[in-house]
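The values are calculated or read from the model by the stated rules, or taken from the named source; none is laboratory data. Note that the structure is predicted; figures quoted are calculated from it, not measured. Backbone-built Cβ (ideal geometry, glycine too); neighbour counts: all protein chains shown.
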Amino acid sequence: MYDIAIIGAGPAGYVAAENAGASGLKVVLFEKKELGGVCLNEGCIPTKTLLYSAKMYDHAQGGKKYGITAQEVAYDYKKIADRKTKVVRKLVAGIKMKMEHHNVEVVRGDAYIQSGNESCINITCGEQAYQAAKLLICTGSEAFVPPIPGVQDNPAILTNREILSLTAAPESLTVIGGGVIGMEFASFYNSLGIPVTVIEMLPEILGGIDKEIGEMLRSIYAKKGIKFHLNSRVTAIEGNTVHFTDAEGNESSIEGDKILVSVGRRPVLQGYGLENIPVAVERGIKVNEHMQTSMPNVYAAGDVTGFSLLAHTASREAEVAINHIRGIEDKMEYNAIPGIVYTNPEVSSVGLTEEQAAAQGIEYRLSKLPMTYAGRFVAENEGQTGLCKILTTPDGKVLGVHLLGNASSEFICAACMAITNRLTVEQLRRTVFPHPTVCEILKEGVFEI
């Protein structure tokens with residue numbers, strides 16, 4: 001009998017297994033593909049590796065602005081793709097070592113929940129049967145492909161999985177969906193000089209982030225050559241041609257060598273026997289603040305809950321679940337979950353946006369500064385401005401921080417800590433920030449409130 005069985009070894013599953021194993025619990029971790037899950041193998045890590053290569057290429061091409069001239073600047077797509085694979089393999093190997101170090105038994109294959117009650121969960125994987133006192137479900141999410149006529153069995157259609165497997169750059173790319181995934185791939189291929197068109201159903205790209213920052217990023221990429229069709233709904237796909245209508249009902253079409261479908265993801269709820277235990281499901285597996293399902297000894301963490309489909313959210317949820325199993329007081333809070341878009345420039349955001357605060361009737365104060373108020377930003381981002389927006393309550397507690405500008409992903413965590421710990425503007429003002437750093441924009445911003 002295991003103390004805990006974990007299905008899925010993504011950012012929720014492997015973090016949970018590591019924490020549980022380190023605390024002395026007897027753990028079995030099931031994974032049907034590779035350790036690290038979608039994030040490490042088909043999402044976060046490979047895309048950011050590609051984007052860094054694109055950023056290096058951007059820097060090399062723009063060297064003259066910094067007094068640097070190169071004889072020849074070119075990219076090798078196969079080497080970029082090979083490096084992406086190398087990075088992934090290295091990190092997967094690191095997770096494997098962690099599992100071994102903490103005595104986690106890793107079982108490769110399709111785990112299936114046969115039955116369960118409040119004292120024992122019965123699982124099979126292949127021909128082997130397993131029993132565990134607790135179960136943590138971390139099966140993640142999968143790309144949602146809408147039932148658009150012509151999308152099925154179409155070799156031109158790609159999801160995040162297939163596009164990462166390309167060994168040669170497409171001649172052109174049509175992106176259906178201007179969310180985070182769509183914009184990151186649009187950014188990557190735009191940097192390589194490949195024609196990109198983005199078709200988005202909403203009035204603006206990156207729905208859910210600060211509207212002003214979304215508009216600014218779109219304007220930047222429009223100047224770089226990306227074509228945007230907003231308020232547009234795809235009606236059909238014929239071969240590599242996408243047909244769509246705009247808000248007025250006008251019909252248009254765009255032809256692209258490849259078509260990336262990136263309209264969202266959905267929790268994986270089928271194929272592992274979830275229906276064999278009395279666990280409540282809504283848009284995902286329903287959980288409480290301790291990540292506990294309607295069955296007391298069954299927990300769920302990560303994308304499978306359908307709430308916040310982000311790797312860092314998944315890892316924190318896993319920590320909360322294991323702490324609750326161990327009897328350590330902890331609970332999951334979602335008011336300070338950062339979101340990053342790794343375009344060039346980056347977008348980083350945490351907490352309430354102006355639009356969300358207004359919709360919820362929350363009174364707020366606003367500080368808004370160009371990123372050029374930070375000396376290091378000016379030194380390293382020739383010709384760029386960026387934006388820093390800080391929202392606080394009337395009595396000075398931080399509600400949200402929204403940034404457009406490179407390096408913002410590396411210091412948004414300071415804003416996360418401010419919101420999590422309910423820090424005031426006055427406390428931030430008294431904090432010593434290193435100089436010169438881009439993060440000084442936060443201190444400059446709070447002085448304006």
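Couple of notes before you dig in:
- Selected residue [among the aliphatic types (A, V, I, L, M) and in a helix (DSSP H, G or I)] from 40, 25: 40
- Screening residue 70 with (1) in contact with a Phe, Trp or Tyr (Cβ under 9 Å, 6 or more places away or on another chain); (2) at pLDDT below 95 gives one miss only, at (1).
- Tabulated pairs, segment 206-231, first farther than 19 Å from residue 336 by Cα and in the same structural domain as residue 190 (by TED's automatic domain parsing), second among the hydrophobic types (A, V, I, L, M, F, W, C) and surrounded by fewer than 16 Cβ atoms within 10 Å (Cβ to Cβ), C-beta under 8 angstrom, 6+ apart or interchain: 228/222; 230/202; 231/202; 231/247
- Screening 328, 322 for residues that are buried (at least 22 other Cβ atoms within 10 Å of the Cβ), modelled with pLDDT of 95 or more and farther than 22 Å from residue 43 by Cβ leaves exactly one candidate, 322.
- Out of 91, 50, sole residue that is closer than 24 Å to residue 182 by Cβ, touching a helix residue (DSSP H, G or I) at 6+ places or on another chain (Cβ under 7 Å) and in a helix (DSSP H, G or I): 50
- Scanning segment 8-22 for residues that are more than 10 Å from residue 99 (Cα to Cα) and touching a Gly at 6+ places or on another chain (Cβ under 8 Å) returns 8, 9, 10, 11, 12, 13.
- Tabulated pairs, segment 344-364, first without any contact (Cβ under 8 Å) to a residue 40 or more places away in the chain, second not acidic (Asp, Glu), C-beta under 7 angstrom, 6+ apart or interchain: 362/352; 363/394; 364/357; 364/391; 364/392; 364/393; 364/399
- Meeting the requirement of 2 or more residues that are of a type outside the set (S, T, N, Q), under 22 Å from residue 247 (Cα atoms) and within 19 Å of the chain's Cα centre (by Cα), the strands (runs of 3 or more DSSP E) wholly within segment 143-230 are 173-176.
- Residue within segment 233-252 that is more than 22 Å from the chain's Cα centre (by Cα) and within 18 Å of residue 342 (Cα to Cα) present: no
- Hey, residue 298 hydrophobic (A, V, I, L, M, F, W, C), in the same structural domain as residue 45 (by TED's automatic domain parsing) and buried (at least 20 other Cβ atoms within 10 Å of the Cβ) or not: yes
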